[in-house]
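The values are calculated or read from the model by the stated rules, or taken from the named source; none is laboratory data. Worth saying up front: this structure is predicted, and the values here are computed from it rather than measured. Neighbour counts run over all protein chains shown; Cβ positions are idealised from the backbone, glycine included. With ligands, DNA and RNA removed, areas are computed over all heavy atoms of the protein, side chains included. Shrake-Rupley method; radii C 1.70, N 1.55, O 1.52, S 1.80 Å.
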Amino acid sequence: MALLVVTAAAVALFTLLSNLFLYLVVRKWRENRRQVRICAYKERHRLGLLRYLLGEEEQLLLPASPLEREAMIELLDHFAALLKGEQVQARIRALAEEHFQGWLRRRLSSRHWSERMNALFLIEDLRMKVMVPEMERLYRSDRVTRGEEAKLLAIFAQFDYSPVVAYVLEPKYELTEFAYRVIFGHMSERLLRQVEQRFDELPPAGKCAFVDMIGIRRREERSFLLELLASDELELRVRALKAMAEIGMKLEAARLEQHLCSPYWQERLMAARLAGKCREERLLPLLYERLSDRSFVVRSEAAAAIARLPGGRAVLRTAARTASDRYARDMARQWLWGEE
């Protein structure tokens, strides 16, 4: 009896696996056939669409089926990345807005995550601001995922959509520092000003990304960065020093000294980097002390900064011969030999 039960279970399992395998094979075959048809349509209509977008033809044969619409919008996405110029980009956007809103709207409301994300990428590439209401509905829905939220906020920022400021201050999911950096990188100066006014409301990852973006975009925010240098948070002081170094913003020797003598190597490192960008000879004694720093990266950055300052090479030669600290002598020699 037990043998019969085991045999029946094995047969049932084999049947189930066979049916699953058959289903996957059929599904793969259908997907391959669909892709072949899409590629064939794109090849037939590529030149005609290109001529239409360049304004060489006034008439365009529009897709007649869902598959053809998918092929056409893939072509539009390809040309949006390939073709430059405001006029041709406007024609791409107008064509997409006129004929593909419904198709994208259905994709955004799909229960499949991949279809919704693909729709978001297309909306972003084609600059379809007309889809903002549908994206807003997706953002407010319960089904929006962490990845979709980050993508939606990046698109909202790119489209200069004002509510994005409130969304980044209180996101549905915890955003990574990278996600914040992407979002802030797309924001206009108008939106960045609004975020700056509510900087204290940002989570730690958002604060760090915002300060980094000041340096990346070379924004002149001297008073704001000086305020951050007085912060109790080490990470904010380090990011502020880094941003000032990237911008080339000068800082008085007295202010730099307290950061060069910080108990934290990260702060000393960024202070040394900023000192090198200031290019003031009076900073040489402060940087000379850092040649003996217990951190190798700080010693190296201090030597690099000294080499950039007026009279710096003479200071390095002196350090290489007479410095009491062996590490200071080695670092000075390393930089002098590297420049020869």
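Across region 267-321, which residue is surrounded by the fewest Cβ atoms within 10 Å (Cβ to Cβ) among those that are among the acidic types (D, E) and at pLDDT below 90?
Taking region 267-321 as the starting set, the residues that turn out to be among the acidic types (D, E) are 267, 280-281, 289, 293, 301.
Of the ones still in play, those that are also at pLDDT below 90 are 280-281, 289, 293.
Values: E280: 15, E281: 11, E289: 14, D293: 22.
Per the criteria, the residue is E281.
Looking at region 95-106, which of its residues are without any contact (Cβ under 8 Å) to a residue 24 or more places away in the chain and open to solvent by 90 Å² or more (accessible area, probe 1.4 Å)?
Correct list: E98, R106.
Of everything in region 61-76 that's open to solvent by 40 Å² or more (accessible area, probe 1.4 Å) and out of contact with any Lys or Arg (no Cβ under 8 Å at 6 or more places or on another chain), which residue is modelled with the highest pLDDT?
That would be R69.
Taking region 84-135 as the region of interest, how many residues are outside any helix (DSSP H, G or I) and of a type outside the set (A, V, I, L, M)?
The number of residues fulfilling the criteria is 8.
Say whether the condition of being open to solvent by less than 40 Å² (accessible area, probe 1.4 Å) and over 30 Å from the mean Cα position of the chain (by Cα) is met by at least one residue in region 107-123.
Looking only at region 107-123, we keep the residues that are open to solvent by less than 40 Å² (accessible area, probe 1.4 Å), and these are 108, 110, 116-117, 119-120, 122-123.
Now restrict to residues that are over 30 Å from the mean Cα position of the chain (by Cα): none.
No, region 107-123 has no match at all.
From E149, E174, which residue is outside any helix (DSSP H, G or I) and not β-branched (V, I, T)?
E174
Cβ-Cβ below 6 Å, separation at least six or inter-chain, first residue in region 16-42 and closer than 15 Å to E68 by Cβ, second acidic (D, E) and part of a helix (DSSP H, G or I): which pairs?
Correct list of pairs: Y41/E68.
Looking at Y264 and the list (1) open to solvent by 10 Å² or more (accessible area, probe 1.4 Å); (2) touching a Phe, Trp or Tyr at 6+ places or on another chain (Cβ under 7 Å), which single condition is not satisfied?
(2) is the only condition that Y264 fails.
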